[in-house]
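Read-outs throughout are calculated quantities, based only on the coordinates presented, and are distinct from any laboratory measurement. Predicted model only: the values in this text are computed from it and were never measured. Because the Cβ atoms are built from the backbone with ideal geometry, glycine has one as well, and the counts that use them run over all protein chains shown.
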């Protein structure tokens, strides 16, 4: 199960980075709008701040994913693994939307 948590954490981190890069690309060319108000505020301040926060969040996802799992009891580990799986599929959906609009340009 540790490999699954690590693999999901790495996958979510990469999907999060792709989300940030694709969002920045789409926003800079006025192809999309950011629907997350917090991220919208950050990108309006600076695209570098936005990408930096997305990169930091990706590293945090990796660290927290493994740390929480490693220090938890078995019942919570299973719940946490399922939660990571749900987050993974949500990010897959978000990245699929990005890939869709990227193919339209």
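A few remarks follow.
- You will find that of 4, 46, the residue that is touching a helix residue (DSSP H, G or I) at 6+ places or on another chain (Cβ under 9 Å), exposed (fewer than 15 other Cβ atoms within 10 Å of the Cβ) and without any contact (Cβ under 8 Å) to a residue 24 or more places away in the chain is 46 and no other.
- Sole residue being free of Cβ contacts under 8 Å to residues at least 24 places away in the same chain and either surrounded by 13 or more Cβ atoms within 10 Å (Cβ to Cβ) or in contact with a strand residue (DSSP E or B) (Cβ under 6 Å, 6 or more places away or on another chain) (or both), chosen from 72, 67, 96: 72
- Within region 79-93, residues that are more than 14 Å from residue 5 (Cα to Cα) reach partners that are part of a helix (DSSP H, G or I) with beta carbons closer than 6 Å, at six or more positions or on different chains, in the pairs 91/12; 91/15.
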